[in-house]
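Below is one structure; the comments refer to it alone.
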Amino acid sequence: MKAVTGKTQLVGVMGYPVSHTLSPPMQNAAIEAAGLDAVYIPLCVKPELVSQAVRGLPALGFRGANVTIPHKISAFEQMDHLTDEARIIGAVNTIRVEEDGSLTGHNTDCLGAIWAVENAGATVKKSKVLVLGAGGAGRAVAAGAAMSGASSITLLNRTVEKAEEVVQELRKNLPAGDKVSWKTGPLAGDFGGVNFSEFDVLFQMTSLGMKGKKELEFPVDRLSSHCHLLDAVYSPLETDLMKTGKNLGLPVTDGLAMLIGQGVESFKFWFGVETDPETMRTALMRTLNL
Ligand code: NAP
């Protein structure tokens, strides 16, 4: 057990519930590997107390915090400063307490998924991106792909209106001159007539394929063999979609890499140093008994 003293820097994750979070073992392993005197703890915060908890971070001497479901939008509203990522997405998953006690809100969910596929050899810049799902994760990844210079982004969702709203909002928030070509469609039937063979990267951001949920029905065989496939689901670590993709020879990245990607970016935002992603993965695999 690490010695925690009055000098130990504090970081944590606010969520409700927070018992399922994998961030403490992942971030504490990175802290230890970097030789920092810091500790990362889970913070169970009821929705009606989020503003008090967030505004209390400087008073409690915290260096910063992650914010997870369901607090990402409430936290956004409490920030003194926002990074471009947080402003464009309209949600905060990482807070940094500045020297003067003000709070800067950042969003590392968007770059986490981009980091994950690029770390595995894909290039998002100038590529044609397909995002399945327009919930919190789909929205963050679509924003991340746009910020990373994707040439086109197609967002398919069960509820098409939600995909349309996300695209409308992102177009409004992205800097003027943004050149992305956006498309939306349903996640079933003829998929809005999408030409699957044109995509370079596919981000699966629905909750389908999770343990206990039904599988996603998707024509993986219509993708090009160079299309890089990332599935956000990490329980199971290899979804049916990933298995099919692998069998067809597609490059495939798992959901843990996406979790690690946002963790790497949050760590850098608080401590100003890089961390070894493999340290994070080892800690996650141990925690998940994998
Ligand atoms: P969310 O905001 O609740 O969105 C859920 C998404 O899944 C929506 O697009 C929803 O479509 C779709 N969906 C749910 N049930 C469906 C069904 N029966 N048929 C078709 N579509 C369905 O959740 P989220 O936060 O975006 O998370 C989505 C997934 O990503 C979860 O599995 C989560 O664990 C995972 N995730 C992973 C990471 C990571 O680091 N690896 C990070 C964040 C999230 P509708 O809009 O039509 O309801």
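Values in this text are rule-based calculations from the coordinates and carry no lab data. Because the structure is predicted, anything quoted here is derived from the model rather than measured. Here Cβ is always computed from backbone atoms with ideal geometry, including for glycine, and neighbour counts include all displayed protein chains.
Obtain the radius of gyration and the Kirkwood radius of the chain from its C-alpha atoms and give Rg over Rh.
Using only Cα positions, Rg/Rh for the chain is 0.97.
Rank-order 183-194, 24-35, 62-73 by packing density, defined as the average count of other C-beta atoms within 10 Å over each peptide's residues, highest first. Numbers along the way, then the final one.
Working: 183-194: 14.7, 24-35: 19.2, 62-73: 21.9.
Ranked by mean Cβ neighbours within 10 Å, highest first: 62-73, 24-35, 183-194.
Using the Karplus curve 6.51 cos²θ - 1.76 cosθ + 1.60 with θ = phi - 60°, work out ³J(HN,Hα) for each residue of region 194-201 in order, rounded to whole Hz, and write x for Gly and Pro.
5, 8, 4, 6, 7, 7, 9, 9
Amide H neighbours of residue 66 under 5 Å, counting only residues 5+ apart in sequence or on other chains, H built in-plane at 1.01 Å?
12, 13, 14, 95
Could you name the aspartates and glutamates whose alpha carbon sits less than 17 Å from that of residue 213, not counting residues in the same chain fewer than 8 places away?
Straight-line reach from residue 213, under 17 Å: 231, 238, 240.
Take the Cβ-Cβ distance between residue 237 and residue 168 as r, set R0 to 30 Å, and report the resulting FRET efficiency rounded to the nearest 0.05.
E between residue 237 and residue 168, to the nearest 0.05, is 0.30.
So what are the ³J(HN,Hα) numbers for region 140-152, from phi and the Karplus equation (6.51, -1.76, 1.60; θ = phi - 60°), rounded to whole Hz, Gly and Pro as x?
The phi angles translate into 5, 5, 4, 5, x, 5, 5, 5, 8, x, 4, 7, 9 Hz.
Residues with amide H under 5 Å of residue 82's amide H, sequence separation 5 or more or different chain, H placed in the peptide plane at 1.01 Å from N; which?
Under 5 Å from the amide H of residue 82: 105.
Classify region 1-127 as rounded, prolate or oblate, taking a ≥ b ≥ c as the square roots of the eigenvalues of its Cα gyration tensor: rounded when a/c is under 1.5, otherwise prolate if a/b is larger than b/c and oblate if not.
Taking the square roots of the gyration eigenvalues as a ≥ b ≥ c, region 1-127 is oblate.
Relative to the longest principal axis of the chain, what angle (0 to 90°, nearest 10) does the C-alpha long axis of helix 160-173 take?
60 degrees
Given a cut-off of under 8 Å on Cα pairs at least six residues apart, what relative contact order in percent is computed for region 79-155? Could you put the intermediate results ahead of the total?
Details: 124 pairs, mean separation 21.9, N = 77.
Here the relative contact order equals 28 percent.
Can you tell me which of 10-19, 103-112 comes out highest on packing, and rank the rest after it, using the mean Cβ neighbours within 10 Å?
Per-residue mean Cβ counts within 10 Å order the peptides as 103-112, 10-19.
Order 79-90, 136-147 from most to least packed using the mean count of other Cβ atoms within 10 Å.
Packing order, densest peptide first, comes out as 136-147, 79-90.
Report ³J(HN,Hα) in whole Hz for each residue of region 249-265, in order, from the Karplus equation J = 6.51 cos²θ - 1.76 cosθ + 1.60 where θ = phi - 60°; Gly and Pro get x.
Running phi through 6.51 cos²θ - 1.76 cosθ + 1.60 with θ = phi - 60° gives x, 7, x, 10, 10, 8, x, 5, 4, 5, 4, 5, x, 5, x, 4, 5 Hz.
Got a sec? Which residues in region 194-227 would a label at residue 69 touch, if it sits 7 Å along Cα→Cβ and we count backbone N under 16 Å?
Inside the label zone: 204-214.
Can you tell me which lysines have their Cα less than 16 Å from the Cα of residue 72? Leave out same-chain residues fewer than eight positions away.
46
Counting DSSP beta bridges in the chain, what percent are antiparallel, to the nearest 5?
Numbers: 7 of 42 bridges.
Antiparallel bridges make up about 15 percent of those DSSP assigns within the chain.
Kindly work out what percent of the DSSP beta bridges joining two residues of region 64-155 are antiparallel, to the nearest 5.
Beta bridges within region 64-155, antiparallel portion: roughly 55 percent.
Given H placed 1.01 Å from N in the peptide plane, which residues other than close sequence neighbours of residue 123 have an amide H under 5 Å from its amide H?
For residue 123, no residues qualify.
Which of rounded, prolate, oblate describes region 107-258, given a ≥ b ≥ c as roots of the alpha-carbon gyration tensor eigenvalues and a/c under 1.5 marking rounded, otherwise prolate only if a/b is larger than b/c?
rounded
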